[in-house]
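Following: one structure in structure tokens, then a few remarks.
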Amino acid sequence: MKLDLNIATLRRRYLAGELQAMALMRDIVASIGDDPHHVWIHRLPLEEIEKYVTALQDKDPAELPLYGIPFAIKDNIDLAGAPTTAGCAEYAYHPQRHATVVRELINAGAIPIGKTNLDQFATGLNGTRSPHGACRNAINPDYISGGSSSGSAVAVALGQVSFSLGTDTAGSGRVPAAFNNLVGVKPTRGWLSTRGVIPACRSLDCVSIFALNTEDASAVLSVAMMLDEQDAYSRQVLTHGFDFGRAESFRFGVPRDDQLLFFGNQDAAELFQKSVAALEAIGGQKVEIDFQPFLDAAWLLYEGPWVAERYAAIRDFFDAHADAINPVVREIIAGAKKFSAADTFDGMYKLQALRAEAALSWGKIDCLVTPTAGTIYRIDEMEADPIRLNANLGYYTNFMNLLDCAAVAVPAGFQQDGLPFGVTLVAPAHQDVPLLHLAERLLGITNRHSGAGRNSVKEDIPQSGQNQCVEPLARTNLNHLDSGLRRNDASPDSIAKLAAGRGRVAVCGAHLAGLPLNHQLTSRGAHLVARTHSSPDYKLYALPGGPPYRPGMVRVPQGGSAIEVEVWEMADREFGSFVTGIPAPLGIGTLTLADGSSVTGFICEQYGVQGAEDISHFGGWRAYLAQRGV
């Protein structure tokens, strides 16, 4: 029987005293059996796992967000006391300390089960380039699992662990997620430390996360991310700005039709269009973009000088032990020797130009959606044509780190043959939180479980305009999100406490969408996040003067009404200039909304409404203007 290893479920059972960590670990070890899918390279003996469990005995499960949660580690990431091989036994070494990201997870209570199979030296997107055998797809073992983080994905999909760590340089944290019906998070480069990780391309590498759902992925990310002063490529987490993932409306880009490739897979093409329709149904506006700059950047990763980074990562071993390396991997890495230092600079110049071109597209959209992979292949097909078919798998993924993007791979239904399909949501660096929020909403449209347990997908996608997932205002702090994370926060949504760098303001009059002063918001990059009402404690007055005509909203102790308002969000740096332009008797204060939450918003001084017409019975400024025929 497949174990229910959802993090929220396990936490609930631990907190209720219904589950003992060691009992769960015994069940997990027993469930793995003889590993017919070739998931594992090194499984920790039960007595080694017990040491991690014993370390939790005096700890309160409520204080550790990952208390007793089993996880797997790709075998190019160090776990102290276990060999790190990168899929090559001759390369193996025994680290004395954990990789930084592993240490953080263990400190939060997570329990490692072992090291997983991979495309050797993390070079591949298919999972077949391993001396330990091709890792088999969790849904249909005749098909590839995706790579290079193959075993990490399949371990989660088969219910052997709650989550796992992979790495992602070219798509290794996303393609296996799509092929095994999982959520795959490729964070902003540097959010998760790569100290203690064997590099593929050190300047581009990311540690990635495989999880059953976005809540689990967020919980893991909130623990694992940190600024590591001993990692030269570690980065401070920056504010994410507009949270398009929870906005009532947002703009998402899709490649032009002639730039979408599915390599003959019609099912995948149809499933992608269903995902586009689903995004439109939750308030997204589709914008076709020119995908060519992204494709040109992707070409540089393997056909340009960046392949030399793969050689630099293992140069001494490669030169001394080339025969120990998988022939396909060896051929790819050996190609690095044809590039000169001048070629490297030429590649850097090309990449910078492509970043500028891509920026033009980002100016038109909040995020991009693509297939994670255009198709999937049988293991025997991949082994017969390993380089060309692998390149097809990277069509939508290889540009990501070169263009400094964050991404979340999301399950998106099943082909007629039962194999899963996935899409990837992409945005510029530090937009990880909005991407996770949007992924959660997209998954909410369908009725599916992740992993190898196939569930039917709703075919009746809501029509565009039938917004099914508008953000409930009560779910978030409408002023400013917290500036950081509490490391012991057990909430799966603790990732939402990352600073947005934006504030919200409620408007009730001429600044409403489509009215004369709305441009003062939109010109500052503000976004509409909700249409709602105030609490029934206000009166609305039509102020003298104009145009533009304005109302004044005043809180009263009794006899008030609920007034229509819109909540807009803008960057903190724009708020001061916006407030400066507000004329007396209007000003900015605190409004109470219908759900009881508070938000910064327009108020009016009492003297300003003396002799003004009370229009509260209209319920809002729009209704009043309509009655006047304005």
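The values are calculated or read from the model by the stated rules, or taken from the named source; none is laboratory data. None of the values given here were measured: they were computed from a predicted structure. Backbone-built Cβ (ideal geometry, glycine too); neighbour counts: all protein chains shown. Accessible surface is based on the protein model in full, side chains and every heavy atom, while ligands, DNA and RNA are left aside. Shrake-Rupley method; radii C 1.70, N 1.55, O 1.52, S 1.80 Å.
Out of all the residues in the stretch 183-217, which are of a type outside the set (A, V, I, L, M, F, W, C), open to solvent by less than 10 Å² (accessible area, probe 1.4 Å) and touching a helix residue (DSSP H, G or I) at 6+ places or on another chain (Cβ under 7 Å)? Correct list: Gly184, Pro187, Thr188, Ser193, Thr214, Asp216.
Does Leu10 count as within 17 Å of Ser162 (Cα to Cα), in a loop (DSSP other than H, G, I, E, B), in contact (Cβ under 8 Å) with a residue 24 or more places away in the chain and open to solvent by less than 40 Å² (accessible area, probe 1.4 Å)?
Considered against the rule, which asks whether it is within 17 Å of Ser162 (Cα to Cα), in a loop (DSSP other than H, G, I, E, B), in contact (Cβ under 8 Å) with a residue 24 or more places away in the chain and open to solvent by less than 40 Å² (accessible area, probe 1.4 Å), Leu10 comes out as no.
Name the residues in the stretch 404-421 that are open to solvent by less than 20 Å² (accessible area, probe 1.4 Å) and over 18 Å from Gly147 (Cα atoms), would you?
Step one: of the stretch 404-421, the residues open to solvent by less than 20 Å² (accessible area, probe 1.4 Å) are 405-413, 415, 418-421.
Once the filter is applied, which keeps residues that are open to solvent by less than 20 Å² (accessible area, probe 1.4 Å) and over 18 Å from Gly147 (Cα atoms), the stretch 404-421 yields Cys405, Ala406, Ala412, Gly413, Gln415, Gly418.
Answer yes or no as to whether Ala30 is open to solvent by 70 Å² or more (accessible area, probe 1.4 Å), aliphatic (A, V, I, L, M) and free of Cβ contacts under 8 Å to residues at least 12 places away in the same chain. Answer is yes for this residue. Close Cβ contacts (under 9 Å, 6 or more residues apart or on different chains) running from residues in the stretch 585-610 that are in contact (Cβ under 8 Å) with a residue 60 or more places away in the chain and outside any strand (DSSP E or B) to residues that are surrounded by 15 or more Cβ atoms within 10 Å (Cβ to Cβ) and small (Gly, Ala, Ser) comprise Ala594/Ser534; Ala594/Ser535; Ala594/Ala562; Asp595/Ser535; Gly596/Ser535; Gly608/Gly552; Val609/Gly552.
Kindly evaluate Gly127 against the criterion of being touching a His at 6+ places or on another chain (Cβ under 8 Å), on the phi > 0 side of the Ramachandran plot and not in a strand (DSSP E or B).
Numbers: touching a His at 6+ places or on another chain (Cβ under 8 Å): no; on the phi > 0 side of the Ramachandran plot: yes; not in a strand (DSSP E or B): yes.
Here the answer is no, as Gly127 does not meet what is asked.
Residue count for the stretch 339-386 satisfying the condition of being within 30 Å of Gly284 (Cβ to Cβ), in contact with a strand residue (DSSP E or B) (Cβ under 7 Å, 6 or more places away or on another chain) and surrounded by 15 or more Cβ atoms within 10 Å (Cβ to Cβ): 11. Kindly list the number of the only condition in (1) within 18 Å of Ile32 (Cβ to Cβ); (2) open to solvent by 30 Å² or more (accessible area, probe 1.4 Å); (3) part of a loop (DSSP other than H, G, I, E, B) that fails for His98. All conditions pass for His98, except number (1).
Kindly establish whether Phe421 is among the aromatic types (Phe, Trp, Tyr), within 20 Å of Gly284 (Cβ to Cβ) and modelled with pLDDT of 90 or more. Spelling it out, Phe421 is indeed among the aromatic types (Phe, Trp, Tyr), within 20 Å of Gly284 (Cβ to Cβ) and modelled with pLDDT of 90 or more. Scanning the stretch 36-84 for residues that are part of a loop (DSSP other than H, G, I, E, B) and either open to solvent by less than 20 Å² (accessible area, probe 1.4 Å) or hydrophobic (A, V, I, L, M, F, W, C) (or both) yields a count of 15. Within the stretch 574-630, which residues are among the polar types (S, T, N, Q) and open to solvent by less than 70 Å² (accessible area, probe 1.4 Å)? Listed by number, the residues that qualify are Ser577, Thr592, Ser597, Ser598, Thr600, Ser616. Among the residues of the stretch 261-296, just one is in contact with a strand residue (DSSP E or B) (Cβ under 8 Å, 6 or more places away or on another chain), closer than 26 Å to Gln416 by Cα and open to solvent by 70 Å² or more (accessible area, probe 1.4 Å), namely Lys274.
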